[in-house]
């Protein structure tokens, strides 16, 4: 019973985080596309033409995650999707630690310069671990 209550509480917190993040991105979609294009995995930025296609997909996936973690019959998929998103964010942010982003990192605030730090990576790591733990628990209890 206590675990069920904790799962519901975690579900609401994770849903609120993804909802807030995605709504912020929906308010300034072009800015978010620009931020996505600023991330590097090697020495080159992602072309803006690709980022403008990828950014809306990320927003939809975040909104979908927010809804799925709240619904009992899709909760495990929502947490798995959320953990996958966090892994992507961890990889991208780890590759860009110390870089300055003129419009922000794309997490919650837009239009304000920010530098990717270990704190950003750590926050995403904690969110990922929490979501993986919930998935494992839900798989264990069937």
Between residue 94 and residue 42, how many nm apart are label points set 7 Å from Cα along the C-beta direction? 1.9
What per residue convex hull volume, in Å³, do the alpha-carbon atoms of the chain yield? 99
With angles folded into 0 to 90 degrees, how steeply does helix 75-95 sit against the dominant principal axis of the chain? Use alpha carbons for both and round to 10. 30
Tell me the relative contact order for the range 40-115 as a rounded percent, counting alpha carbon contacts under 8 Å between residues six or more apart. 21
Distance between modelled label sites at residue 1 and residue 13, nm, 7 Å Cα→Cβ extension: 2.2
Of every Cα-Cα pair in the range 25-96, the percent that sits beyond 19 Å: 41
Would you please give the FRET efficiency between residue 137 and residue 60, computed as 1/(1 + (r/R0)^6) with r the Cβ-Cβ distance and R0 = 25 Å, to the nearest 0.05? 0.40
Stretched out fully, how many nm does the piece from residue 20 to residue 53 gain, at 0.36 nm a residue minus the Cα gap? 9.8 nm
As a test of the formula, what do you get for the chain when each DSSP H run with n ≥ 4 contributes -39,500 (n - 2.57) and the sum is divided by the residue count, at 222 nm and rounded to the nearest 500 deg cm²/dmol? -25000 deg cm²/dmol
For the modelled label position 7 Å from the Cα of residue 74 along Cα-to-Cβ, which residues of the range 12-31 have backbone nitrogen atoms closer than 20 Å? 12-26
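Values quoted throughout were computed directly from the atomic coordinates according to the rules given, and no laboratory measurement underlies them. Computed from a predicted structure; not experimentally measured. Ideal geometry is used to build each Cβ from the backbone, glycine not excepted, and the neighbour counts take in all protein chains shown.
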